[in-house]
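Worksheet: the structure to be examined is printed underneath.
The values are calculated or read from the model by the stated rules, or taken from the named source; none is laboratory data. Just so we're clear, the structure is a prediction, and the values are computed from it rather than from any experiment. For neighbour counting, all protein chains shown are included, and Cβ atoms are generated from backbone atoms with ideal geometry for every residue, glycine included. Ligands, DNA and RNA are excluded from the accessible area calculation, which covers all protein heavy atoms including side chains. Shrake-Rupley method; radii C 1.70, N 1.55, O 1.52, S 1.80 Å.
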Amino acid sequence: MKILFVTSEVHPLIKTGGLADVSGSLPAALQALGQDVRLLIPGYIQVLDKLESKRTVASFSVFPGQPEVKLLSAKMPETEVPVYILDAPQYFCRVAGPYQYELGGDWPDNAMRFGMLSKVAALLGSKASPVNWRADIVHCNDWQSGLAPAYLHMTESAHAKSVMTVHNIAFQGNFDRDWLAPLDLPPSCFDMHGVEFHGYLSFLKAGLHYADRIVTVSPTYAHEIQTTEMGYGLQGLLTVRNGDVSGILNGIDESEWDPATDIHLTARYGLGDLAPKAEGKRALQQRLGLEVKERVPLLGVVSRLTYQKGLDMLLECLPKLLDGGAQLAVLGSGEADLEKRFEQLALRYPGRVSVTVRFDEGLSHQIMAGTDIFLMPSRFEPCGLNQMYGMRYGTPPVVRRTGGLADSVSDASLPDGTGFVFDEPTPAALYRTIVASIDCYRDIPAFRRVQSNGMKRDVGWRVSAQKYLELYRKIE
Ligand code: ADP
């Protein structure tokens with residue numbers, strides 16, 4: 001089957017969050033199942049710099065009156081998955097982030113940037129494909145490729161079927177209706193039964209309306225987004241399309257995230273020999289300026305610092321935990337207020353709290369390996385990958401029972417427990433659960449059992465990639 005996987009970020013080229021990890025590993029897993037899968041990504045500077053041996057395979061104008069763009073072809077590093085790069089320098093060759101400029105505002109022409117990505121995806125799935133290859137399935141991911149199913153729907157000749165994966169329904173890509181004409185969308189589609197969402201042109205809504213199938217990244221989240229509390233206004237549409245909605249839990253890239261082979265670690269370890277994990281803890285404490293103590297519980301956070309992740313609840317209960325002797329290592333960036341509050345905490349607890357505000361792939365691996373307990377108290381979490389990395393690295397996670405956290409972590413009170421789970425999104429419930437995790441940490445055999453259950457859990461892509469393939473086959 002010919003599958004085009006359209007994404008706005010992909011590890012190891014460009015990453016702001018979990019979507020990049022999924023885009024780096026799911027296509028490779030599908031390729032391993034014998035499929036002809038190719039990526040389509042924007043030609044950001046980082047992408048053009050990191051990809052070698054690029055060839056121009058097409059030049060064409062995407063929208064009437066727009067200058068020509070190029071389509072380049074290359075192979076992904078390591079996995080060798082073929083990748084098409086949409087080379088439109090005026091839109092993508094910019095310093096700063098893929099969606100935002102340095103000060104944190106969205107690029108004002110995001111509608112054109114990702115509308116163009118969506119349109120090219122649809123072309124690659126139609127008879128008008130600019131290259132000698134045409135997709136049977138166009139697999140879209142989040143709002144940035146949400147218009148592709150709409151463009152496919154408007155294509156008169158035979159065209160690919162589309163799948164829309166929602167990695168986070170809170171990000172919708174809603175724009176002023178004035179963008180309809182530049183994006184070559186007919187006024188007739190600006191309708192409740194089309195691309196319109198409360199007076200705006202919504203990329204995600206378009207994807208959810210026109211795609212042949214809708215997938216979310218965990219079965220629990222597939223139910224949650226059909227509720228008023230968690231559907232961000234799209235629950236009505238999702239409920240109507242209920243029969244086309246399913247949840248497939250993400251996997252992790254086991255070649256990147258394996259404590260036995262991890263290139264970012266000096267002390268590697270596995271289930272059979274956990275001793276080097278203690279060395280990793282010592283190295284981490286040294287690197288981060290924490291007091292080097294072996295048996296002090298070291299808590300870890302690697303996260304976007306946003307309301308979604310529930311870290312404000314954590315901030316409320318941290319002083320008690322730190323006064324009780326715990327240490328904390330935080331890596332993350334995001335909302336200014338949360339960054340500031342964590343930095344203030346680090347000043348108040350020198351040697352006990354370390355806060356690193358930046359994106360640092362290597363340090364994220366070292367925190368995963370060197371801490372004892374990983375904290376992920378998300379208010380909502382479509383899937384979440386860090387809790388799976390934590391389990392894999394013998395660092396049991398504390399999670400709230402929501403979305404993919406509910407589907408991937410079982411509580412330590414169960415025989416197959418892999419972490420510590422709480423229900424209420426309150427600082428008190430979180431505090432009680434962290435205390436329970438620290439009590440467990442102090443009971444060495446009990447903690448070993450939780451660590452070992454987690455390290456044995458199958459969190460790879462095999463099963464999930466197979467599920468995606470079955471889904472494609474149903475609609476092909
Ligand atoms: P989300 O996609 O909502 O941000 P996930 O848990 O699905 O959350 O994925 C987050 C990914 O981003 C993980 O691979 C995590 O390690 C990584 N990550 C988040 N913040 C940072 C950071 N500051 N430095 C390095 N990696 C980070």
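Listed values, structure above:
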{"item": "Leading residue by the ranking (nearest to the chain's Cα centre (by Cα)) among those in segment 47-62 that are in a helix (DSSP H, G or I) and surrounded by fewer than 17 Cβ atoms within 10 Å (Cβ to Cβ)", "result": "50"}
{"item": "Candidate set: segment 15-46, residues that are within 12 Å of the ligand (Cβ to nearest atom) and surrounded by 19 or more Cβ atoms within 10 Å (Cβ to Cβ); chosen: the one nearest to residue 122 (Cα to Cα)", "result": "23"}
{"item": "Test: residue 330 is within 10 Å of the ligand (Cβ to nearest atom), open to solvent by less than 20 Å² (accessible area, probe 1.4 Å) and not charged (D, E, K, R)", "result": "yes"}
{"item": "Pick from segment 262-280, criterion of a type outside the set (Phe, Trp, Tyr) and in contact with a Lys or Arg (Cβ under 9 Å, 6 or more places away or on another chain), ranking: most open to solvent (accessible area, probe 1.4 Å)", "result": "271"}
{"item": "Pairs, first within 13 Å of residue 468 (Cα to Cα) in segment 204-216, second charged (D, E, K, R), C-beta under 6 Å, six or more apart", "result": "213/244; 214/244"}
{"item": "Members of segment 345-356 that are touching a helix residue (DSSP H, G or I) at 6+ places or on another chain (Cβ under 6 Å), open to solvent by 20 Å² or more (accessible area, probe 1.4 Å) and part of a loop (DSSP other than H, G, I, E, B)", "result": "352"}
{"item": "Single condition residue 383 does not satisfy, out of (1) more than 8 Å from the ligand (Cβ to nearest atom); (2) in contact with a helix residue (DSSP H, G or I) (Cβ under 6 Å, 6 or more places away or on another chain)", "result": "(1)"}
{"item": "Which listed residue, of 342, 359, is among the aromatic types (Phe, Trp, Tyr), part of a loop (DSSP other than H, G, I, E, B) and in the same structural domain as residue 429 (by TED's automatic domain parsing)", "result": "359"}
{"item": "Looking only at segment 289-326, and only at residues there that are among the β-branched types (Val, Ile, Thr) and free of Cβ contacts under 8 Å to residues at least 60 places away in the same chain, the one that is nearest to residue 339 (Cα to Cα)", "result": "306"}
{"item": "Within segment 57-110, tally of residues that are closer than 30 Å to residue 336 by Cα and touching an Asp or Glu at 6+ places or on another chain (Cβ under 8 Å)", "result": "6"}
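Conditions (1) aromatic (Phe, Trp, Tyr); (2) out of contact with any strand residue (DSSP E or B) (no Cβ under 9 Å at 6 or more places or on another chain); (3) free of Cβ contacts under 8 Å to residues at least 12 places away in the same chain, marked per residue:
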site: 232; (1), (2), (3): yes, yes, no
site: 238; (1), (2), (3): no, no, no
site: 245; (1), (2), (3): no, no, no
site: 250; (1), (2), (3): no, yes, no
site: 258; (1), (2), (3): no, no, no
site: 262; (1), (2), (3): no, yes, no
site: 265; (1), (2), (3): no, yes, no
site: 278; (1), (2), (3): no, yes, no
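Condition check ((1) hydrophobic (A, V, I, L, M, F, W, C); (2) within 28 Å of the chain's Cα centre (by Cα)) across all residues:
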position: 231; (1), (2): no, yes
position: 241; (1), (2): no, yes
position: 253; (1), (2): no, yes
position: 257; (1), (2): yes, yes
position: 272; (1), (2): no, no
position: 278; (1), (2): yes, no
position: 287; (1), (2): no, yes
